[in-house]
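The values are calculated or read from the model by the stated rules, or taken from the named source; none is laboratory data. Predicted model, so just to flag it, every value in this text is computed and none were measured. Here the Cβ positions follow ideal geometry from the backbone for every residue, glycine too, while neighbour counts run over all protein chains shown. Each accessible area value is taken on the protein alone, full model and side chains, heavy atoms only, with ligands, DNA and RNA left out. Shrake-Rupley method; radii C 1.70, N 1.55, O 1.52, S 1.80 Å.
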Amino acid sequence: MKRAKSTCVAAQSLPDAPGLILHDLSKDYGTQRAIETLGCEIRGGEFTVLLGPSGCGKSTLLRMIAGFETPTGGRITLGGRDITALPSSQRDIAMVFQNYALFPHLDVAGNITFGLNVRRVPRAEQRQRLDEVARMMGLDALLRRKPAQLSGGQQQRVALARAVISGRPVLLMDEPLSNLDAKLRAEMRAEIRALQRRLGLTLIYVTHDQVEAMTMADRIILLNAGRIEQSGTPEQIYSRPATPFAARFIGSPPMNLVPAEALGIAAPPGTSAGLRPEDIEIAETGLPARLVSHEYLGADLLITVAAGSARLILRRPARLGLPPGPELCLRWAPDALHRFAPQPGPASLPTPDPASDPASGPACAAEPAPQPAS
Amino acid sequence: MRRETLHAWLMLLPALVLLAGFTHIPAVETVVNSLFSTPRGMRPSHFVGLGNYRNLIADPTFWQAMRNNLLYAAITIPLSMGIALAMALLVQGRIGGRGFLRMAFFTPTVLPLIAVANIWIFFYTPGFGLLNQIGALLGLPNMNFLGQGATALYAVAAVSVWKEAGFFMIFYLAALQTIPPSLIEAARLEGASRWHVFRRVTLPLIMPTTLFISVNAVINAFRLVDQVFVMTQGGPDNASTLLFYYIYQVGFQFWDTAYAATLTVVMLTILAAIAIGQFFVLDRKVHYR
Ligand SMILES: Nc1ncnc2c1ncn2[C@@H]1O[C@H](COP(=O)(O)OP(=O)(O)OP(=O)(O)O)[C@@H](O)[C@H]1O
Ligand SMILES: [Mg+2]
């Protein structure tokens with residue numbers, strides 16, 4: 001399933017933005033394995049997001065690509081060239097660091113042209129490229145300021161400008177927006193995305209925020225405990241999660257995941273069934289359930305119900321209101337149901353963020369559904 | 001209200017007494033004394049105006065001490081700071097035996113200066129001293145490092161460098177560790193060589209520390225006395241006399257206290273001028289975070 005968006009990117013992108021291939025890459029820190037042997041392809045000119053919970057090895061993977069960490073095993077190729085043993089300066093890769101890594105003693109112009117200076121680019125060309133990039137990033141007025149005199153968002157732009165001015169086709173970003181407030185983050189998301197498309201960069205972006213991943217990525221590589229859980233377009237991962245982990249990690253509130261028996265589905269023992277909250281409908285017939293609590297989100301209403309021993313969250317437009325009584329029936333389209341075969345070993349489900357999980361929120365204590373006046 | 005004022009003064013009193021008694025009053029007293037003659041036997045002290053200062057300008061030993069001290073400062077300050085920085089860079093990286101090296105570099109600082117000076121006297125001893133034994137293996141002639149006018153000052157300076165470098169290293173080490181590794185990584189990614197990273201990133205970021213150390217180094221260079229006292233007594237023929245040692249001699253061996261006060265005023269003026277100059281000149285080049 002190819003999105004219109006990504007075909008359009010392919011048409012615009014530089015023909016030469018190279019892709020990366022990770023061959024059986026692994027990384028140990030002492031006896032601890034940070035990255036299990038994994039392989040994947042990162043296509044040229046695409047926006048690839050490395051997504052996963054804290055400590056799953058995203059930064060480690062990115063740092064191996066940048067050349068700051070040596071892989072324990074495996075190879076990395078960039079545009080067909082083996083770069084595993086190359087020093088980071090020779091990899092033709094630019095990077096934006098989480099703390100921006102701006103040089104505090106240099107002004108904005110000095111920071112942006114640092115690399116050009118190092119590589120002895122002639123002054124006139126430096127000036128011209130600086131003007132161009134500064135205009136593109138809206139930094140013209142700030143060129144003589146020191147980083148300490150800039151706001152977080154401006155520092156972020158300087159870091160981005162420093163990466164862009166290098167003209168390198170591959171850009172790595174490690175949680176670049178985590179220090180910004182929510183509004184600025186949304187703005188920068190759009191800005192980075194637009195920049196990537198305009199320049200046709202191969203961009204590898206690390207985040208633990210699934211919203212960032214969903215909104216920005218052409219392709220998501222979902223990591224868990226040093227392994228690739230699933231990779232694909234945001235739609236693929238959302239609509240066809242390959243594992244229970246992928247099912248729970250993407251989407252807010254996360255997918256309902258319950259033993260198949262609880263939904264009255266015939267399946268081998270141990271099979272779990274998954275349903276997205278928005279795929280469950282309240283109907284006249286179907287699986288009987290009881291209303292437990294609800295949470296009002298503005299446009300939507302999250303309703304927690306109990307079906308036998310299982311708890312389910314369903315989402316529906318707030319204008320439809322709550323169902324008339326505490327007893328109700330649930331229905332879903334056959335293709336909305338996801339089945340997951342029993343997992344060998346302990347299943348590692350991400351615990352949902354308490355803030356976005358109404359079932360654990362103290363704000364929505366069980367209360368009787370309002371009866372329609374009759 | 002009055003009670004509170006009284007309390008405030010009572011609280012301040014201990015510090016005030018100590019500061020005034022041991023710093024401010026003696027300083028003023030020194031300046032006053034330098035304008036009077038030294039009381040001797042029958043003749044009480046009397047006002048001589050700038051007479052002591054005129055004597056000082058005509059005193060060849062003072063000028064010799066001054067020259068020695070400038071040479072001594074010119075050797076020890078850059079050398080000890082340079083070595084300190086080099087050692088700090090060496091032991092901050094990931095090298096084997098890092099903890100041991102750090103301790104080894106710092107040890108000279110912990111040892112009492114008098115003990116250190118005595119140990120170095122053994123190294124320098126003519127005939128069977130360590131340096132001469134090594135020299136003999138290499139076929140070099142026997143040298144009396146401390147007894148020769150040409151080498152005495154350098155021999156004393158070497159001990160100072162050896163002792164101070166380890167102390168300054170600690171400051172540099174602390175400064176280096178405040179530099180985020182991602183800055184270095186960002187520079188390396190841009191293709192900067194090790195030397196370039198050092199020149200353009202590390203060095204500017206540790207400038208505040210460099211300024212602090214350099215002020216200390218200057219002060220140390222002018223207030224050295226114990227080592228000269230133990231190793232050479234300023235000799236031979238004043239070849240290793242430094243300003244502070246000369247003040248000691250004048251004040252407590254010749255008991256010419258007024259002249260010693262004059263020398264002290266001159267030295268303090270020089271020190272203050274240098275320190276202020278350092279702050280003004282370097283301050284413009286220093287980036288404080
Ligand atoms: N230098 C190191 N030495 C030892 N272990 C390390 C080192 N760096 C990372 N690790 C371990 O490797 C694993 C992966 O770390 P990594 O920094 O890649 O996680 P991450 O996915 O980036 O997490 P976060 O989202 O919190 O940044 C973690 O278990 C971490 O403890
Ligand atoms: Mg990380």
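Solvent exposure of the stretch B:64-285, expressed per residue, is 48 Å² of accessible area, with all protein chains present and a 1.4 angstrom probe. Residue-wise HN-Hα couplings along the stretch B:145-150, as the Karplus relation 6.51 cos²θ - 1.76 cosθ + 1.60 with θ = phi - 60° gives them from phi, are 4, 7, x, 10, x, 6 Hz; Gly and Pro carry x. Averaging the Cα positions of each part gives two centres, and for the stretch A:301-333 and the stretch A:91-120 these lie 53 Å apart. For chain A, modelled as a Gaussian network with Cα springs under 10 Å, which listed residue fluctuates most, A:Q98, A:Q149, A:Q230? Most flexible of the set in this elastic network: A:Q149.
Given R0 = 25 Å, the distance between the Cβ atoms of B:I170 and A:D107 translates into a calculated FRET efficiency of 0.20. Which residues, if any, in the stretch B:176-190 lose at least 40 square angstrom of accessible heavy-atom surface (probe 1.4 Å) when the other protein chains sit next to their chain rather than the chain being alone? For the stretch B:176-190, once contacts with the other chains are taken into account, B:S182, B:L183, B:E185, B:A186, B:L189, B:E190 lose 40 Å² or more.
Only four residue types carry charge here, +1 at the Cβ of Lys and Arg and -1 at the Cβ of Asp and Glu. Report the dipole size of chain A about the Cα centre in Debye, rounded to the nearest 20. Don't jump to the answer; show the numbers that get you there.
Numbers: 41 positive and 36 negative charges, 266 e Å.
Once rounded to the nearest 20, the dipole reads 1280 debye.
Legend: mean number of C-beta atoms from other chains within 10 angstrom of residue C-beta atoms, peptide A:101-107, equals 6. For B:L130 and A:A182, the FRET efficiency from 1/(1 + (r/R0)^6), where r spans their Cβ atoms and R0 equals 60 Å, is about 0.30.
In chain B, the calculated helix contribution to ellipticity at 222 nm averages -21500 deg cm²/dmol per residue, counting -39,500 (n - 2.57) for every DSSP H run with n ≥ 4.
A dipole drawn for chain A from +1 and -1 charges on Cβ atoms has a positive end, and of A:G30, A:G74, A:V96 the residue lying farthest that way is A:V96.
If you take all other residues with their beta carbon under 9 Å from the beta carbon of A:L106, and give Lys and Arg +1 and Asp and Glu -1, the sum is +1.
For the stretch A:148-210 versus the stretch B:9-49, the inter-centroid distance based on Cα atoms is 66 Å. Grab the beta carbon distance between A:D92 and B:L137, set R0 = 60 Å, and tell me the FRET efficiency rounded to 0.05. The pair A:D92/B:L137 has a calculated efficiency of 0.65. Annotation: amide H of A:I220 within the under-5 Å range of A:V49, A:G232, A:T233, sequence separation 5 or more or interchain, hydrogens built in the peptide plane.
A Gaussian network model of chain B, with springs between Cα atoms under 10 Å, assigns the largest mean-square fluctuation among B:M143, B:M87, B:M42 to B:M42.
How much length would be gained if the chain were fully extended between B:N118 and B:L101, taking 0.36 nm per residue of separation minus their Cα-Cα distance, in nm to one decimal? Kindly include the intermediate steps, with their values, before the conclusion.
Numbers: separation 17, 0.36 × 17 = 6.12 nm, distance 2.41 nm.
Taking B:N118 through B:L101 to full extension adds about 3.7 nm, to one decimal.
Averaging the Cα positions of each part gives two centres, and for the stretch B:54-83 and the stretch B:144-164 these lie 14 Å apart. The convex hull around the C-alpha trace of the stretch B:61-136, projected and averaged over every direction, spans 7.6 square nanometres. Working note: Karplus 6.51/-1.76/1.60 with θ = phi - 60° gives the stretch A:295-303 the couplings 9, 9, 10, x, 5, 10, 10, 9, 10 Hz, where Gly and Pro are set to x.
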